[in-house]
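Visitor: Next up is a structure, given as structure tokens.
Any read-out appearing in this document is the output of simple, stated calculations on the displayed coordinates, not a laboratory observation. Note that the structure is a prediction, hence the values are computed from the model and not measured. Quick reminder, even Gly has a Cβ in these numbers, built from the backbone with ideal geometry, and neighbours come from all protein chains shown.
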Amino acid sequence: MHQSKVMAVGYIAVVMVLYLCTFLNSAQAAVLSESEQMWIDEHASEVSFSPVKDHPPFLWSQYGVLFGISYDYLNYIQEQLSVNFPKREPRTRKEIIDALKAGEISFTASLSQTPERTEYLLFTRPYISIPTVYVGKSGSKVKTGLEIVEKQLRVSVGDEYGVHEYLSSRYPDMQLVPADNNYLVLQNVLSGVTEIGVMNIASLSYLVREHNMTNLKKIANTGFEANSSFAVANTAPELRNIIDNVIESMPRKTRDAIVSRWITDIATIENLAGTAVVDIPETTSDKKDIYLMGMGALLLLCLGFFLHYVFVRSTPRVDETGNTEYIP
């Protein structure tokens with residue numbers, strides 16, 4: 001009788017532990033609707049991705065291999081969907097936007113949602129948010145964006161970058177000089193083509209470190225947050241929703257690991273950008289993780305009380321006369 005009790009207790013404990021593990025893992029996978037799953041099954045081979053050219057640490061190509069934060073996100077999305085989207089050649093932002101409008105490609109990454117772009121593109125939720133700053137040479141006396149406008153200083157900015165549209169609408173009189181990428185923005189400042197450059201602090205930190213650009217300093221924040229999202233042609237809302245669902249269900253520790261892999265030079269960021277910070281937007285999966293952790297702890301506590309109770313009742317004790325007995 002005693003042996004059968006112990007076996008029963010062991011069986012119940014195993015079942016509860018398995019249930020707990022299943023419970024904790026149940027909310028991590030992306031949940032697609034039946035129609036979304038059918039859509040991706042039927043159209044995955046037709047979906048094409050084109051990366052933004054020369055945009056470290058978010059997305060860039062070297063020796064034909066893609067790298068960066070956005071590419072790690074893309075790989076995670078493909079893994080969750082069990083697909084491998086056809087890749088097109090890297091292009092400038094302007095070329096990519098034109099290709100999306102013309103239907104030549106299906107989607108891209110590392111684009112900020114802006115009022116103008118929402119007229120012809122669909123955007124997922126942002127997966128990282130980076131402040132943008134004005135940059136000048138170390139000896140510059142300029143202190144504010146308004147001063148840049150008043151003095152009619154030339155400002156180099158990435159062509160078709162989100163901050164380009166922001167500055168054009170906010171300061172119509174600002175003397176903007178478009179450049180194909182952020183590296184050329186800084187080269188324009190260092191060579192004297194422009195007095196000021198504009199870019200996000202993560203790219204600024206990366207380029208300063210990689211190219212030893214020491215003769216630069218932050219002037220001021222622009223007020224624009226570069227919110228990187230996946231941008232989809234407006235003819236494929238299903239694709240936007242599917243990618244959005246995957247990002248929404250992505251575990252926080254996975255997102256943190258991707259960002260920390262590529263943004264590591266915090267000292268340079270703090271030196272050039274002051275208190276500006278890199279932010280990974282919260283999703284409902286973060287709140288769900290907290291809920292699951294709490295429920296998991298409660299289940300473990302209940303399991304402990306249960307095992308203790310059964311153990312006490314199934315463990316023999318010796319009475320005053322020396323006889324062994326079990327608690328009924």
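Visitor: Reachable aspartates and glutamates from residue 218, Cα under 17 Å, same-chain residues fewer than 8 places away excluded?
Guide: Straight-distance partners of residue 218: 147, 195, 265, 270.
Visitor: Run a plain Debye calculation on region 110-230 (Cα atoms as equal point scatterers, no solvent) and give log10 I(q)/I(0) at q = 0.14, 0.16, 0.21, 0.23 Å⁻¹, rounded to two decimals, same order as the q list.
Guide: Values returned for q = 0.14, 0.16, 0.21, 0.23 Å⁻¹ are -0.55, -0.72, -1.19, -1.39.
Visitor: Would you calculate the volume per residue, in Å³, of the smallest convex hull containing every Cα atom of region 151-190?
Guide: Looking at region 151-190, the number lands at 53 Å³ per residue.
Visitor: For residue 92, what residues show an amide H to amide H distance below 5 Å, using hydrogens built from the backbone and excluding near sequence neighbours?
Guide: 53
Visitor: Taking amide hydrogens as modeled 1.01 Å from N in the peptide plane, which residues meet the under 5 Å criterion relative to residue 142, leaving out close sequence neighbours?
Guide: Excluding prolines and chain starts, which carry no amide H, there are no hits.
Visitor: For residue 179, enumerate residues with amide H under 5 Å from its amide H, sequence gap 5+ or separate chain, H modeled in the peptide plane.
Guide: Amide H neighbours of residue 179, under 5 Å, 5+ apart: 157, 158, 159.
Visitor: For region 56-66, in order, what is each residue's ³J(HN,Hα) by Karplus, 6.51 cos²θ - 1.76 cosθ + 1.60 with θ = phi - 60°, in whole Hz (x at glycine and Pro)?
Guide: In residue order, the calculated couplings are x, x, 8, 6, 7, 10, 9, 6, x, 10, 8 Hz.
Visitor: If you place +1 on the Cβ of every Lys and Arg and -1 on the Cβ of every Asp and Glu, how big does the dipole about the Cα centre of region 125-243 come out, in debye to the nearest 20?
Guide: 460
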